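Below is one structure, written out as structure tokens; comments come after it.
The values are calculated or read from the model by the stated rules, or taken from the named source; none is laboratory data. The shown structure was predicted, so the numbers you read here are calculated from the model rather than taken from an experiment. No Cβ is skipped: glycine too gets one built from the backbone with ideal geometry, and neighbour counts run over all protein chains shown.
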Amino acid sequence: MRVLATIWQFLSGAPQAGAASKPPFLLEQRSSSFTIILTVCLAIFTDIFFYALIVPVVPFSLTVQVGLGEDRVQAWTAILLACYSGALFVASPLAGLYADHTSSRRWPLLLGLVALAASTLLLCFGRAVGLLVLGRLLQGVAAGIVWSVGCALLVDTLDTAIGVAIGYVGIAMSVGLIVAPIVGGAVYHAAGYYAVYYIAFGIVSLDILLRLFMIEKKVARQWIKDEKPDSATGSNRDIEQQAETAGNVGVEPPKTQVGATSTGAGPTEPSVDKEGSQQRDAEKGEQPPEAQSPSAGAAPSSERSKLRPVLVLVKSPRLLAALYGLFAQAGIMMGFDAVLALFVKETFGWNSTAAGLMFLAIFLPGFIAPGVGWLADRYGAKWPSFGGFVACVPLLVCLRFVTEDTIGHKVLLCVLLAVLGCALVFSNTPLMAEITYVIDEKEAETPGIFGEKGVYGIGYGLFTMAFALGGTIGPLFAGYLHAGPGWGTMTWAVAVWAASGAAVVFFWLGRKHTKLGTDTNPPTGNASEEPSALA
């Protein structure tokens, strides 16, 4: 039984009950911020790589491997992309909810790998459309787990520079989107269908090793006692444990700073350690002042306990605006996944390799994502995102002028796609960071509203849900417009979609982000007065 318990603890990454357990091998290296960021970025890269690996291959493999007619390829290409996004839409909030209520985020990441391995097998060896659909559904489930849990783990690890951290995710996503279509198209053209999936199996194996190697910081703290908490969810729990220990031995406990919440450290202003004093009073058999007066404090705590984190988040116009912007951006980007390879095949007569190279132009600008994230951290998410959506509109409209098989039209297509890629980075990266900004704002307004474990998993589950909804509608919308009215109609229709994103971001997105715990308008007067937010 001890062996089984050890294996379970290793796989789940949950903290052990015994305080005298031996530290894992290379604990400091395995729990470092670099290792965690690398693990999350590789997990996202693996998901995107496998998703994009078969994008330029699907139009060709559906006719060869499955035996569909040419007139049905466009429809089934869009359907397979929509199946992935539909499963992503359903799985991501459930994965985020589970991650916020489990002791470790590592275990959900490993479950995502199981789903990804199963989908790889189905897509590799399936020769019926039904098996391909099932494989894409499992791939969407795996992606929902990776994005929701991975982004929440990043925010747990880095409590500052959230936009820059999300920028690293953008780089991992861009590398996957750049490399995968090129590799998929070239390998399929040179070595055939199965060789494409041999590469996928290799990437998944590397991802498994790194996810097993990683140890979360909150798990590592049971052995590294002197390490300062980095994660949002571990800060308050460590402070509470220190307060309880200090109260037992008669030492003054560390005081919680005003405005400090579960997402970061606040300014060095005095405040009352209410939770620690309540615990010590309970041990002495005494009631705290709030408990002695039924009308003072009982009602607010009772009302606060009834608030559901998801409802609190979705009632925020600022969050809803960010989610709509992510929905619009995903619809634009993934809509091109459904039509671009087929468009260049029909217009220029290009093969799968050349079709894969076209995705290089639109996804290469993703390497500027950390810089865009820095702008969002410094100036807020509204204006960078608004500028990105506004720039998308004329670029999408101008794509309708690419109609002939000439050098000039090929160059025009590449230039427009490259600039469009930059605009999509500006519209997307700040909105991803805005999820954290909204949660920080709600926590600062009502400390403890989300509990000690926080809601970053749910927040990024909602982000993934919005992205998936756009990814579901985008390929169907663009695919059927391209197959029916044609390329020109499709481009200006998508431009209208981008314009709607710009309008929503302009009117409803949040103000400049301030770090949690800071106060741009500090109270004046007697320094001993408690801020009204905690009154």
Exception for residue 114 within (1) free of Cβ contacts under 8 Å to residues at least 60 places away in the same chain; (2) farther than 30 Å from residue 219 by Cα falls at (2)
When you look at residue 385, is it modelled with pLDDT of 90 or more and hydroxyl-bearing (Ser, Thr, Tyr), yes or no? yes
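Listed here are the residues, each with its yes/no results for (1) at pLDDT below 70; (2) surrounded by fewer than 21 Cβ atoms within 10 Å (Cβ to Cβ); (3) closer than 14 Å to residue 465 by Cα; (4) among the β-branched types (Val, Ile, Thr).
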position	(1), (2), (3), (4)
293	yes, yes, no, no
304	yes, yes, no, no
322	no, no, yes, no
328	no, no, yes, no
337	no, no, no, no
341	no, no, no, no
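Quick test for you: out of 373, 451, pick the one residue that is in a loop (DSSP other than H, G, I, E, B) and under 27 Å from residue 145 (Cβ atoms).
Numbers: 373 fails: in a loop (DSSP other than H, G, I, E, B).
After applying the criteria, what remains is 451.
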Six or more apart or on different chains, Cβ atoms under 8 Å: show the pairs whose first residue is in the stretch 172-194 and over 30 Å from residue 370 (Cβ atoms) and touching a residue at least 12 places away in the same chain (Cβ under 8 Å) and whose second is among the polar types (S, T, N, Q) and part of a helix (DSSP H, G or I). 188/61; 188/352; 189/352; 189/353; 193/61; 193/65
Is at least one residue of the stretch 180-196 closer than 22 Å to residue 34 by Cβ, of a type outside the set (D, E, K, R) and touching a helix residue (DSSP H, G or I) at 6+ places or on another chain (Cβ under 8 Å)? no
So, in the stretch 341-364, exactly how many residues are touching a Leu at 6+ places or on another chain (Cβ under 8 Å) and either under 30 Å from residue 435 (Cβ atoms) or of a type in the set (Gly, Ala, Ser) (or both)? 5
Can you find even one residue in the stretch 88-96 that is touching a Leu at 6+ places or on another chain (Cβ under 8 Å) and modelled with pLDDT under 75? no
Consider residue 162 carefully, then state whether it is buried (at least 24 other Cβ atoms within 10 Å of the Cβ), within 14 Å of the chain's Cα centre (by Cα) and within 17 Å of residue 425 (Cβ to Cβ). yes
Can you tell me which of (1) of a type outside the set (D, E, K, R); (2) surrounded by fewer than 24 Cβ atoms within 10 Å (Cβ to Cβ); (3) out of contact with any helix residue (DSSP H, G or I) (no Cβ under 7 Å at 6 or more places or on another chain) is the one residue 449 doesn't meet? (3)
Within the stretch 205-219, of all residues that are surrounded by 20 or more Cβ atoms within 10 Å (Cβ to Cβ) and not basic (Lys, Arg), the one nearest to residue 334 (Cα to Cα) is 207
If only one of 113, 109, 121, 97 is farther than 17 Å from residue 40 by Cβ and in contact with a helix residue (DSSP H, G or I) (Cβ under 7 Å, 6 or more places away or on another chain), which one is it? 97
